[in-house]
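Single-structure report; data block below.
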Amino acid sequence: MSQESFQSLISANLDDVKNYLKSNQIRVCVIGIGRIGLPTALSFAHAGLPTIGVDINSNLVQMINSKEYPLQDEPGFDKIFEDVMAKNTFHATTNILEAVPVSNFVILSLPTPMDKNNVPDYSALISVSKDLNKILKPGSLIVVESTIEPGFVENELISIIEGKDNRIKAKRDFGIATCPETANPGEILSDFKKLPRLVGAIDERTTNIVSEMYRHVFGVEIIKMPDCKTANAAKLTANVFRDINIAFVNELAILFENLGIDIIKVLEACGKKYNFETHYPGAGVGGPCLPVNSYQILNSARGMENNGMLRIIRAARETNESMPYHVVELLSDALNEIGKSVKGSTIAVLGISYKPNVKDIQLTPAEAIVKRLDQLQAMVKIYDPHFKSTQVFSHKTENNLIDAISNVDAAIIVTAHNEFLGIDPSLFVSKMKTPVIIDSRGVMDIYAAKKAGLIFRGIGRGGV
Ligand SMILES: NC(=O)c1ccc[n+]([C@@H]2O[C@H](COP(=O)([O-])OP(=O)(O)OC[C@H]3O[C@@H](n4cnc5c(N)ncnc54)[C@H](O)[C@@H]3O)[C@@H](O)[C@H]2O)c1
C-alpha cells in the first residue's frame, strides 16, 4: 500500500470512517487465523475490506493460499472463503512484517490457553505485541478479540506495545480496544449474524470507531462498554456462569444416582419455571473456553485478600474436573453387575471431541477418561466421526462405529455427536460381547435401552 493511501484511523472522525468503509480504504490484518480468527478475517474480507491473515502455522497459510478451505466443521464459511479468494480480498502469510505495516486495523485472535498449573498463558499475545512495538504504523487501531482476564490490556499489553522507546504511544499513535469473541464453534457463521458485539476501548473515540467497523462488517447490535476490562469481564462472566451451573447439576446428578432419582425428570420439571435456566450433567467441561475462563477469573484475583472470595468458581472447577472419573466409576459398577472388572475389559470410547459435531479435543474430558482406563489396564478402542483412523491419546482410532463396538465388553458415549443421537440400542446388543453402555450425555432413550437388554448407566439417571 502506498504511503498516501494509508488512512490514520485514530485521527479520523466517524464520518471519515464511514467513507473509508464505503470505499474499502481500511486495511485489515488478523493475527492468528484459527477457529475464531479465520472466520473473522473472512467476514472483514467479505465486507470488501482488503484483509491479510497472519499465522505461524505455515501449513495452514499454504492451504489457504492454495484456496483450500481449512475449517471443514464450520458450515457456511466455505462459500465465503471461495468468494473472497476469487475476489482477491483475502490472503494469508506467515510473515507479520508483510502484513502489519500495510494495515491500519489490526485484530489479535491469538490463543490464550493455560499452562499445566492452570495459569493463563498469554505468551502469543505478548510475543506479537513486542513485534507491534517495532512495526505498527502510527494511526492504526488494534482490537484484541482473544479471551483475556480483565485488566490485562490496561496493565500489561499497552506497555508492551509501547515498549521502552518513544516510537508509538497509546492514544497518541494507536488506539486499542477489546471485542471478546463469544461465538460457538460449529455455529460461528450463525452466531456472527446474531450475537451482539461487546466493544470496550482505551477511550471513547476508539470505542466509536471500532463499533462502527464491527457494525459495518457484522450488522449486529453493538454494546459499547466503558473500557477494555469491563468488556473482558462480561465475556468471562457469561462463560463462568455456565461452568458453575454445569458443576451444580453434576453434583446433583451424583446425589440423585444415590437417591434413585432421574435428573432428567427433575430438570424437565424445573425448566417449566420461568426463571430456571436448564444445564445438563455430563462427563466434564472441556474446550478452549469454559475451563480456561474460570481459571482466568481466578487468576485476576491473585494477590487479593481471600483470593477475591472466588470459592464457588474453584469448587465448580473441582467438580467438573472430577466427572471423567465418575464416568469410569459408573463403568466399573455396570461391569461388576455381570461379574467383570475394568481391568482386562475392552472398552469402546465413543466421541472424543469436547463438544458435539466439532473436530476439537482441547481439554476434552475424553482424555482423562482414556487415561484412567489405561491406568486401570483396560483395552481401549476409540471412535469419533471427526477423528477416524488416526492416532489420539496414544491409541489408534477406529474407522467406523461398528468396528468400534464389535466384540467389546462395554461402551462409553462421551460426546453427543449427531451420529450417536437416538442411536438404536439393539445395534449395541447385536455387536458387543456384553451390552454394557455408559451414556454420559443422555443421547440414548433409556427405556428403549433397558428394553433392548442393555446394562445401562447414565450420569444422574437414578431410579430408571
Ligand atoms: N474456539 C472457541 O470456541 C473460542 C470462542 C470464543 C473465543 N475464543 C478465543 O479466541 C482466541 C483464539 O482462539 P481459537 O480457538 O481461534 O484458537 P486456535 O488455536 O484455533 O487459533 C489460534 C491461531 O493462532 C496461531 N498463532 C499462535 N501463535 C501465533 C503467533 N505468535 N503469531 C501468529 N499466529 C499465531 C495458531 O497457529 C492458530 O492458528 C482465544 O483467546 C480463545 O479463548 C475461542
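Within region 60-81, the set of residues being closer than 26 Å to PRO356 by Cα and assigned to a helix (DSSP H, G or I) comprises LEU60, MET63, ILE64, PHE77, ASP78, LYS79, ILE80, PHE81.
Among residues of region 105-128 that are in contact (Cβ under 8 Å) with a residue 40 or more places away in the chain and more than 15 Å from ILE56 (Cβ to Cβ), those with a Cβ under 7 angstrom from a residue that is more than 9 Å from the ligand (Cβ to nearest atom) and basic (Lys, Arg), sequence gap 6+ or separate chain, pair up as PHE105/ARG27. Candidates THR112, THR93: the one that is within 15 Å of the ligand (Cβ to nearest atom), under 23 Å from the mean Cα position of the chain (by Cα) and at pLDDT 95 or above is THR112. The residue that is nearest to ALA45 (Cα to Cα), among those in region 92-111 that are out of contact with any Lys or Arg (no Cβ under 7 Å at 6 or more places or on another chain) and surrounded by fewer than 22 Cβ atoms within 10 Å (Cβ to Cβ), is THR93. Per this entry, LYS388 is not counted among residues that are closer than 24 Å to ASP115 by Cβ, at pLDDT 95 or above and surrounded by fewer than 17 Cβ atoms within 10 Å (Cβ to Cβ). From the list LEU141, LEU125, LEU132, the lone residue that is modelled with pLDDT of 95 or more, within 16 Å of the ligand (Cβ to nearest atom), over 17 Å from PRO39 (Cα atoms) and more than 24 Å from the chain's Cα centre (by Cα) is LEU132.
Taking each residue of region 148-171 that is at pLDDT below 95 and looking for partners that are in a loop (DSSP other than H, G, I, E, B) and within 16 Å of the ligand (Cβ to nearest atom) with beta-carbon atoms closer than 9 Å, six or more apart or interchain, yields ARG167/LEU136. Only residues that are within 16 Å of ALA301 (Cβ to Cβ) and within 14 Å of the ligand (Cβ to nearest atom) were counted across region 151-160, and they come to 1. Of the helices (runs of 4 or more DSSP H) entirely within region 158-264, those holding at least 2 residues that are closer than 20 Å to GLU277 by Cβ and touching a Lys or Arg at 6+ places or on another chain (Cβ under 8 Å) occupy 228-259.
One residue alone among MET309, MET323 is of a type in the set (A, V, I, L, M) and over 21 Å from TYR280 (Cβ atoms), and that residue is MET309. When GLY284, GLY303, GLY308 are checked against the criterion of being surrounded by 11 or more Cβ atoms within 10 Å (Cβ to Cβ), not hydrophobic (A, V, I, L, M, F, W, C) and not in a helix (DSSP H, G or I), GLY284 stands alone in meeting it. The residues in region 161-181 that are within 16 Å of the ligand (Cβ to nearest atom) and surrounded by fewer than 19 Cβ atoms within 10 Å (Cβ to Cβ) can be counted, and the count is 0.
Residues checked against (1) under 24 Å from the mean Cα position of the chain (by Cα); (2) over 28 Å from ILE36 (Cα atoms); (3) surrounded by fewer than 17 Cβ atoms within 10 Å (Cβ to Cβ):
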position	(1), (2), (3)
VAL327	yes, yes, no
LEU330	no, yes, no
GLY344	no, yes, yes
PRO365	yes, no, no
ARG372	no, yes, no
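On the stretch given as region 135-159, residues that are more than 14 Å from CYS228 (Cβ to Cβ) and either in contact with a helix residue (DSSP H, G or I) (Cβ under 9 Å, 6 or more places away or on another chain) or surrounded by 20 or more Cβ atoms within 10 Å (Cβ to Cβ) (or both) total 4. Of the set (1) more than 19 Å from ARG441 (Cβ to Cβ); (2) out of contact with any Lys or Arg (no Cβ under 9 Å at 6 or more places or on another chain); (3) in contact (Cβ under 8 Å) with a residue 24 or more places away in the chain, all apply to ALA368 but (1). Residues in region 406-445 that are of a type in the set (A, V, I, L, M), surrounded by fewer than 19 Cβ atoms within 10 Å (Cβ to Cβ) and outside any loop (DSSP other than H, G, I, E, B): LEU427, VAL429.
The values are calculated or read from the model by the stated rules, or taken from the named source; none is laboratory data. Remember, it's a predicted structure, so these values are computed and weren't measured experimentally. Cβ atoms come from the backbone with ideal geometry, glycine included; neighbour counts cover every protein chain shown.
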